[in-house]
Structure formats: structure tokens, C-alpha cells
Amino acid sequence: MSRTLRRKNQQHDYEWVLIDWESCIPGIRSPRHDPLSVLGLKVIARYHSDSQVTMSSTAPRWYRKSYDHRLRTRNNRQMRRWLEDAEFDPVFEASHRHDANYSWW
């Protein structure tokens, strides 16, 4: 399913997106960009682009690779230990597709 179809009827709350973070003063209501101005449209376009990290995005590739490598190494160690000693009870960790993403956040 395409992203466009999934997001077709979504409503967005641009309250945090339109805040002018450069002139923000703590304790005072922050000035906001006009959503129809050129700068406001640029800010909204950046919000909808894929150039920012969000909670719904995945962990970086380097982290997923190292996470999967550690998991495979642990499981291989258990297997080797069981092959050396038949009395040993191996406990393997099942791999799940999103384990690295869950541990990243």
C-alpha cells in the first residue's frame, strides 16, 4: 500500500511545526509562522518530507546490522556450547523483525 493512500485523509496538527524556534523565549508563548506564508509552507513541507527522524521511523542501518550480529553470535555460542556438552540446555533468542527498532527507541 502506498504512503499516499495511507495518508490520504489524515489530519495534521501543525502547532509544534509552525513555532519559530529561533525567536523562542522560555516562559512566553512562542511566535508562530503563518501557515500560508512562504516560510510557513517551507516548514510544513519539511515536516512532511522524509528528511527528519520521527518515532515511527526505523533505527539506522548500522545499528540494525550490529544488533542482528550480536543476536546471531549469542545463538551460535549457545549451539557450540550444546555441541561440546550434551547435558547443556541451549536457550536461543528468537529473532523478530522489529527487535532492533524497539531497542533503539
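Quick note: the coordinates plus some simple rules give every number you see, no bench work behind them. The structure presented is a predicted model; accordingly, all values stated were derived computationally and were not measured.
At a glance:
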{"read-out": "In order through the stretch 15-23: 3J(HN,Hα) via Karplus (6.51 cos²θ - 1.76 cosθ + 1.60), integer Hz, x for Gly, Pro", "value": "4, 7, 6, 8, 5, 7, 5, 6, 10"}
{"read-out": "Length added when fully stretched, His48-Glu15, from 0.36 nm per residue minus Cα-Cα", "value": "10.5 nm"}
